[in-house]
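The values are calculated or read from the model by the stated rules, or taken from the named source; none is laboratory data. Keep in mind the model is a prediction, meaning the values are calculated, not measured. In this analysis, Cβ positions are derived from the backbone assuming ideal geometry, glycine residues included, and neighbour counts consider all displayed protein chains. When the accessible area is computed, the model is the full protein with side chains, heavy atoms only, and any ligands, DNA or RNA have been set aside. Shrake-Rupley method; radii C 1.70, N 1.55, O 1.52, S 1.80 Å.
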Amino acid sequence: MKTFPSARTLLVQLSVFVCLPFAVHAIEGGAPAFPNGGEDFHVAAMPPPGWYGLLYSSRYHADFLADDAGNSAVPSFGLTVNALTPRIDWVKPASVLGADRWGTLFILPVLDLDLALAPAPGVSLTQRRRALGDLTIGNGLHWTFQNFDMINSVDLVIPLGSYDSTRLVNPGQNRWVVRLNHIGTWRPAPAWDVSYRLHTDFNFRNSATGYESGQTAYLNVAVGWSPQRATTLGIAGYSLRQLTDDRQAGRSVGPTGNRVRVDGLGPCVKHVLPNHVMLVAKYFHEFNARNRPKGGHAWLYVAVPLGAPSK
């Protein structure tokens, strides 16, 4: 006989799906603090010193909640997350360990979460919440080589977003996160770009629930071709894996630690206008999900210089 999660378990597991621009089951709420698919082409090509503004718009929809074996965890599930995420980048000259630039970023999303699920036959739960998510502050160093750019950075996610442990969905995650990032862009030929982002998240305990989400590793890869200088076409993908068990009251959660995993793949296009404004559109289809939703993620964002770059 198939069993279903308790109402309390669902409240913990479905508390949030996405946080940022950039984020429902394992890790608490099923969502890492970094949004899947947030990166694409030329990701390590840090711009010249100056101030830059980015505005991300993304929409995620999932109608499948995967259990630990990849099967449906509930009879009915529907989650839609709309995110509008402003980001400010401040790039400065640097001369540390051979690096040439130092970048600081600030990211604060506005999230609209809409959840409807049936945890058991005849039982329906719905909730919608729109509010600010958590704040991300990051600092990183950039290195320029002959045909390779590299960034190593540290991000801190500060739990400022709206959160209540009794809700089904929360824009905030109520946990601190420290993220270590390694980012690279390789140009094997003038018209080709191979970019990647590799990071790991160290999640701290949620003080409201006592839940300790496990450590996660994330890889984002994009391969692009530029038919002309201003336009890049290609494919991007991501892979998220949870490395350590979720824990509560000092014990692992569930028989396998409630570990999350998911992969995504899809097309991406980037275009730079004559005034240096950059436009990006992309879509990811998810697969191989465990202990989290599986769906589709659409992105549209714009990057704008906030004044002339410094010389």
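Only Cα pairs under 8 Å and 6+ residues apart enter the sum, and on that basis the relative contact order of the stretch 158-311 stands at 14 percent.
The gain in end-to-end length when the V277 to D164 segment is fully stretched comes to 36.8 nm, 0.36 nm per residue minus the alpha carbon separation.
The relative contact order of the stretch 129-170, computed from alpha carbon pairs under 8 Å that lie at least 6 residues apart in sequence, is 45 percent.
Among the lysines of the chain, pairs that are 8 or more positions apart or on different chains and have alpha carbons within less than 21 Å of each other number 4. Largest first, the extents of the alpha carbon coordinates of the stretch 258-311 on the three principal axes equal 49, 22, 13 Å.
Annotation: average projected area of the stretch 41-177 is 10.9 square nanometres, based on the convex hull of Cα atoms across all directions. How big is the gap, in Å, between the Cα center of the stretch 153-184 and the Cα center of the stretch 256-311? Rounded to whole Å, the Cα centres lie 18 Å apart.
Mean residue ellipticity at 222 nm, helices only, the chain: -500 deg cm²/dmol; runs of at least 4 DSSP H residues each add -39,500 (n - 2.57), and the sum is divided by the number of residues. Here r is the Cβ-Cβ distance between L180 and F145 and R0 is 22 Å; the resulting FRET efficiency, rounded to 0.05, is 0.55.
Around the Cα centre of the stretch 126-217, unit charges on the Cβ atoms of Lys, Arg, Asp and Glu (plus for the first two, minus for the last two) sum to a dipole of about 340 debye. Between W225 and D63, residue separation times 0.36 nm minus the direct Cα-Cα distance comes to 55.0 nm. Packing here is the average count of other Cβ atoms within 10 Å per residue, and on that basis the peptides 244-250, 185-191, highest first, run 244-250, 185-191. Apply 1/(1 + (r/R0)^6) to the Cβ-Cβ distance of L306 and D100, taking R0 = 22 Å, and write down the FRET efficiency to the nearest 0.05. The computed FRET efficiency comes out at 0.55.
Note on the chain: with charges restricted to the Cβ of Lys and Arg (+1) and Asp and Glu (-1), its dipole about the Cα centre is near 120 debye. Sorted into 5 angstrom bins from 0, the C-alpha pair distances of the stretch 105-150 split as 5, 14, 12, 10, 11, 11, 9, 8, 7, 6, 4, 2, 0 percent. Rolling a 1.4 Å probe over the protein heavy atoms of the stretch 60-181, with every protein chain left in place, gives an accessible area that is 61 percent carbon and sulfur.
In this structure the chain gives 43 Å² per residue of accessible area when probed at 1.4 Å with all protein chains present. Taking every C-alpha pair closer than 8 Å and separated by at least 6 residues, the mean separation divided by the residue count of the stretch 252-311 gives a relative contact order of 32 percent. Ligands, DNA and RNA aside, E212 has an accessible area near 80 Å² when probed at 1.4 Å.
Only residues of the stretch 229-269 count here: report those whose backbone N is under 12 Å from the spot 7 Å along Cα→Cβ of R205, or say none. Hits in the stretch 229-269 for R205 at 12 Å: 247-251. Note on A191 and L55: with the Förster distance fixed at 35 Å, the Cβ-Cβ geometry gives a FRET efficiency of about 0.80.
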